[in-house]
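Nothing in this text is a laboratory measurement; each read-out follows from the coordinates by a stated rule. Bear in mind the structure is a predicted one, so any value in this text is a computation, not a measurement. As a convention, Cβ positions derive from the backbone with ideal geometry for all residues, glycine included, and neighbour counts pool all protein chains shown.
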Amino acid sequence: MTFSIGLISFLALSLLESLFWFTSFIRTVFAAIFISGFLSVLCFFSLKYLIKSLFIFNKPDYQKTAESAGNIFPEIKDELKNSLQLIAEYKDKGLPALVEAAFNRAHRISGKYNFNEISVNPELLKNAKFSLLALLIVLSFIIFVTPVKDASERLLHFSEDFSVPPKFNFEIYPGNYEAVKNQDVTIRIKVTGAETEILELNTKSREDVQFNVKNLKKDSSGFFSYRIRKIQSRLEYFAQAENLRSNIFTINVSDKPVIKSIKLVINPPAYSKLEQFVQLDNGNISVLKGSKVEAEIISSKQVKNAEMVFSDSSEIPMKISGLKSAAVFTAIEGKNYIFRITDISENKNANPVSYNINITEDSYPFIEILSPAKDIDLGLDDNISVSAEIKDDFGFSKVTFNYKVSSSNSRKVEENYTVSEMNFDKISVSQNVYFNWNIMPLNLQENETAEYFIEVFDNDIVSGPKSVKSGIFKIRIPSLNEIFNSADRLQNSAEEMLEKTLKKTEDLHKEMEKITRDLKKDKEELNWDEKEKIEKAMEKFKDLSNDLEKAQKELNEAAKKLEDNNLLSKETAEKYNEMQKLLEEIQSPELREALNKLKEQMQNLMRENVQQSMEDFKQNEEFFKKSLERTIELLKRVMVEQKLDELLKRTEEISKNLENLQDKTEALKENPSGKKNAEKQQEKITDNLKNLEKEMKDLNNKMSGLKNMPSDKMDKMQKEFSEQNNDEISELAEKDLSENKTEQALNRQQELSQNMSKMNSSLSEMKQEMQQKNQAENFMNMMNITSDLINLSKEQEELKKSTEKAGRSIRPDESNLKQQSELNSDIGSIINRMSDLSKKSFAITPEMAKILGEARGQMSNSVKNMIDGNSRQAVFNQQAAMANLNKAASMLKNMMSQMMSGKGGSSGMMPMMQQLKQMSQQQMQLNELTKMMNQGSLSGKQMQELKRLAQQQAAIQKSLEQLNKEAKEAGRSKKLASNLEKIIEEMQEVVNGMNTQKVDDNLIRTQDKILSKLLDAQRSVNERDFEKKREAKTGREFNIQSPDELDLDNETIKNRLRDELMKAAKEGYSKDYQELIKKYFEMLESNTN
């Protein structure tokens, strides 16, 4: 109660103070009265409570207490109160037993309850509630009523003096403030105290002399607001209402920091070898991944903080030095960034520009295998030159050659590749790499396959080297039968295509004859129908050229298959080379020129011009036809020789397999476990014998269509082979093996071996005899033609002298004219014989035919000039004809000399290929020895060894120079796809490096290139330089009846041959020529006997 009275008294005093603002003296008096009164009341109530507690004035009221307990515990309310009333009634009279029992019962029941829960003084509780209410009222006034709150504060500080507050109070925002230039600033003023609707705002900038007054009105929120747009300078301001003014506030204005310049220095990764570059005032950069970027900015003022903030929320603090700020980072991924700077006043640069980092990824490397860029069937060469083109944007770290055996019927194939590192240029980003793969360790057998690929790794050290693999290519060992069958298919296809081309050429020739007759009409221009016929004829001729090229490619492929597997004799291989030359020369430059000229004249439609062009084209078309006839005839002869080579190889292969099988059969006596394998091998021999008999029949058929072929001997051999029943013997041997009759099987195998040996000898003998006979006959024909040419030249020389003596006669000398006509006829006969010989031998070249054609042309002109009385010009023609005759005779003599030296008029490609092969083997051994020297510094002994290696390299270089010289002299240097002169230069570089003891990766790589190019040159020679652009000088063919073939059964012809041979022996030929003449003479005599 005392507390409640005190609170209410303090609230009353506060209300009075808020109304009257008493002085400190009066407040002090109030405070003294309040404190003394409060203490007096407090003492009174405290003493009263104490006396009651000690029962001095009042005794406890048990009835009331029992009633209070009953209110708390209703179960005992009546029982407790009744027992107390009974006790009080009989207190003085003595307690009856019944009353005492009731009291005890009440005592027993009440013992179960906790009477401490009973509020001791309900009045106290009532006073507490009153006091709490008083406290809430006082606090509400003090907290929510500002004047009462202020008055309470003054009462508490009663001894202090407080001035009376003004009528208005100003709450001004933002007060004193730091603004940034061009910032919008809003001044907001709230007026407390008396109500006012109008307020004056006084402002003065640096440029103003006095304050400017602006009247403001209160807005809906109770504030007076004023907005200063884009503040430029320092501003002072205050608020005023009626006569009351607020304090003066200041808005200071400062500039935001600005980035004045940007400098970016980009350092690409070291592996890229790109140079550093600088970019000014442009933060957008495009850099290689992993580049180190040095960023530097210059700000307009001193800054406290500077950082680069990236779009992925990462930040890089910048080092501050004066107005410069710098940072370094590594560009790994593409993102945006800004420069953020903060000055001392915490102002940040406004609207920072966002720049982009564009990352250029290191590209994957590129690889393409250049050679051999296809699956190949392997020949006998154990080394394969593999070359590849590799490219990358910045270079390479490794190049590997990977290979394994991928398929086999006799052994388990490998799962993992064998890896060999390849040499490469670590600087160049685009280069060719070479690997000379020695497949001998793989020990590949028939029908087994190996595969390989090249893998290249770039030099990216930022993301890790990336690799790319080439396509996987395979090499396979084909069976002998498979190779021959494939070559046969290609050759037969080429022969059939040439035959069809010849038939089409003959049909086209008839069409052109008809067109030529039609062109002789008496009209100035061509009509549309004639033009169309000529165009169709030209298109047909184009088709013939395409067919010819297809046949040429098929022959080239067939010969290459056979040569790669050493299945052609040297002589047959050279004839295939010459066959390729013939096919190339058929489509002569003159023919193409005539065709183009005809096309041009067709545009003009002038009949006379077209007719002349058509005549020229007809002549070249005739040469095309004659050349094609010769090629087909020669091809048939070459195919016979190739088939003979094939039979020899087949018999050798069967003999070899039989020898191997006999060893295995002998071993079966001790170990029968190999029986199945022996049976399979015997079965394979049976199949090979059947194939051999089939091919013998095929050879016999090919011979039957040609003259001067040993068909009788071939018939005899075929009959003998058939009677031997070799395939049946082999089948019986196979049966003996299955029945464990080892001895019988061995006997049959030995019989087969003897038959094969005999057959091989017979075939070899027949081939040698056929070649010798053809060579001797061709040589004799060439000798006769040469002799006739020399005699014709002598006669032409005598006639020239006679024509000179005749002088300028009005009438021509009839004797000279007749003699010139006879000479003209004689040369026609010689041309005819040479044309016939050209179908049997490659020794007769188109160049010879051209020279003889020119000689005959000069003779014909001489006849014309003699008739016209122009003896001077006739002499000139005779002199030119004589020169051409001598030249043709000289060419024939040279060709015969080559035949005597064993070259047989061939291009000499086989010896060149063998020389290149030998050089390649020497270079390979030298490369291996040089690599062993590339181990750092060299000892004295190693220096001596290096000197020896340099001498070896120089020796190979000298041999190649000699070979290149011979190729140039023979006009064959264009047949080499690899530039021999470039190889020679690279060899000189290697020699120089060795002499200066500079053995490094570059020298090793140069040697690898040399070896690869040597192997390419060898392969190019083997492929006979199949080129699109080719040149050939051709002569005209004259359609003169050829003499009959030499009939050695005719005694008259034999006697004439004897005379010719005796005459030739007296001509003074060299010893080699005489030996050949003697040999031919002996063959003639033996034939007579």
Potential extension, residue 864-residue 232 segment - 0.36 nm per residue separation minus Cα distance
215.9 nm
Suppose R0 equals 22 Å. What FRET efficiency, 1/(1 + (r/R0)^6) with r the Cβ-Cβ distance, do residue 765 and residue 725 give to the nearest 0.05?
0.45
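How many lysine pairs are close in segment 423-523, with Cα atoms under 18 Å apart and the two 8 or more places apart or on different chains?
Taking segment 423-523 as the scope, the lysine pair count is 6.
I need the peptides 222-228, 394-400, 477-483 ranked by packing, meaning the mean over residues of other C-beta atoms within 10 angstrom, with the highest value on top. Walk me through the numbers on the way to the answer.
On the way: 222-228: 15.6, 394-400: 19.1, 477-483: 17.4.
The peptides rank, most packed first, as 394-400, 477-483, 222-228.
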Residue 161-residue 176 pseudo-label distance in nm [points 7 Å out on the Cα-to-Cβ vector]:
2.9
Ranked by how many other beta carbons lie within 10 Å on average, peptides 754-767, 174-187, 569-582 from highest
569-582, 754-767, 174-187
Length gained if residue 137 through residue 184 is fully extended, taking 0.36 nm per residue and subtracting the Cα-Cα distance, is 12.2 nm
Can you compute the label reach from residue 356? Point 7 Å from Cα along the Cβ direction, backbone N cut-off under 17 Å, restricted to segment 250-286.
282-286
Along the charge dipole of segment 370-478, which of 407, 390, 444 sits closest to the positive end, that is, farthest toward it, with unit charges on the beta carbon of Lys, Arg, Asp and Glu (+1, +1, -1, -1)?
407
Long-range amide H partners of residue 446, meaning residues 5 or more apart or on another chain whose placed amide H is closer than 5 Å, are none
Past 20 Å, Cα to Cα: identify those pairs from 702/773; 230/260; 675/735; 581/982, in the order given.
230/260; 581/982
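Which of the trypsin sites (Lys or Arg not before Pro) across segment 789-877 are loop residues per DSSP, with 11 or fewer other Cβ within 10 Å? Please list the in-between numbers first.
Working: sites: 794, 800, 801, 805, 808, 818, 833, 839, 840, 850, 856, 864, 872; in loops: 808, 839, 840.
Taking segment 789-877 and a limit of 11 other Cβ atoms within 10 Å, the loop trypsin sites (Lys or Arg not before Pro) found are 808.
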State the extension gain, in nm to one decimal, for the chain segment bounded by residue 273 and residue 921, taking 0.36 nm per residue of separation less the distance between their alpha-carbons.
229.4 nm
Holding the Cα-Cα limit at 30 Å, pick out from 404/998; 805/887; 570/656; 561/697; 181/289; 533/575 the pairs that are longer than that.
404/998; 181/289; 533/575
Between residue 212 and residue 947, what is the label-to-label distance in nm when each label sits 7 Å out along the Cα-to-Cβ direction?
10.3
How far apart, in nanometres, would the label points at residue 446 and residue 958 be if each is projected 7 angstrom from Cα along the Cα-to-Cβ direction?
4.6
List, in order, the whole-Hz ³J(HN,Hα) value for each residue of segment 884-890 obtained from phi through the Karplus relation with A = 6.51, B = -1.76, C = 1.60 and θ = phi - 60°; use x for Gly and Pro.
5, 5, 5, 5, 5, 5, 5
Residues residue 284 and residue 129, FRET efficiency given R0 of 56 Å [Cβ-Cβ distance, rounded to 0.05]
0.10
Once the Cβ-Cβ distance between residue 805 and residue 829 is put in as r, and R0 is 30 Å, what FRET efficiency do you end up with, to the nearest 0.05?
0.60
Output ordering of 822-832, 638-648, 736-746, 352-362 (per-residue mean of other Cβ within 10 Å, highest first) is 638-648, 822-832, 736-746, 352-362
